[in-house]
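Accompanying notes for the structure given below.
The values are calculated or read from the model by the stated rules, or taken from the named source; none is laboratory data. Quick caveat, the model's predicted, so the values are computed rather than measured. When we count neighbours, we look across all protein chains shown, and the Cβ atoms used for this are built from the backbone with ideal geometry, even at glycine.
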């Protein structure tokens, strides 16, 4: 069964979260605060994994992550962002590194975010995810891998939701294999048999799925960069990271 059609989308970059945050840099725009908090809630496991690989035990890594986000949402951290280097990934990693170094000798200040309100975060799931990282990977590589996997997870969830809305979630569970289909076409044959459709129909559905996957991946990447020109560079970088994971 073919993948559900999706309507034409307007240019996605105009209203992305990171560009909204940067546009309000130094100000107190409510939309910018909300956009920054959304980004923090999306990518916080990456920082937790980074802190763990830097040697912090689970409780200290949790406290550091909470404290960092609490302070970033309360203070004007964005003054350090340069427009030409405005990738949220690079900004967040650099800012967190500075935060850990600065607070290393003041461990008590990290506890419970220094008294600030916490974001509601599932650290147990983040700790389990840390177990999938190879022991020899350096902290920076763990950070990039976790970031890329977060983007991938967001895209796969979005794809599943589109199929679910179209009443074809079971089809998605089969067709998603075509995103990494073998060159000999054996996956297509198996999927065609399971869906009781032709190999050709599966190939059409697979083509549409890959196209939609790339669209959603680029759209998610765009949420974290400062300009249209950065989207393709960041897209290629994350694809490279996933390829070697």
- Query: In the set 214, 145, which member is assigned to a helix (DSSP H, G or I) and surrounded by fewer than 18 Cβ atoms within 10 Å (Cβ to Cβ)?
  - Reply: 214
- So which of 100, 56 ends up being at pLDDT 90 or above and either farther than 29 Å from residue 241 by Cα or not in a helix (DSSP H, G or I) (or both)? 56
- Message: Please determine whether any residue of segment 155-175 is within 15 Å of the chain's Cα centre (by Cα), without any contact (Cβ under 8 Å) to a residue 40 or more places away in the chain and in a helix (DSSP H, G or I).
- Response: yes
- Message: Can you confirm whether residue 180 is over 30 Å from residue 94 (Cα atoms), in contact with a helix residue (DSSP H, G or I) (Cβ under 9 Å, 6 or more places away or on another chain) and touching a residue at least 40 places away in the same chain (Cβ under 8 Å)?
- Response: no
- Residue tally, condition in contact with a helix residue (DSSP H, G or I) (Cβ under 6 Å, 6 or more places away or on another chain) and under 22 Å from residue 86 (Cβ atoms), over segment 46-72: 5
- Query: Going by the structure shown, is residue 205 farther than 30 Å from residue 23 by Cβ, in a helix (DSSP H, G or I) and free of Cβ contacts under 8 Å to residues at least 40 places away in the same chain?
  - Reply: no
- Qualifying position, being over 30 Å from residue 197 (Cα atoms), out of contact with any strand residue (DSSP E or B) (no Cβ under 8 Å at 6 or more places or on another chain), surrounded by fewer than 18 Cβ atoms within 10 Å (Cβ to Cβ) and at pLDDT below 90, among 35, 24: 24
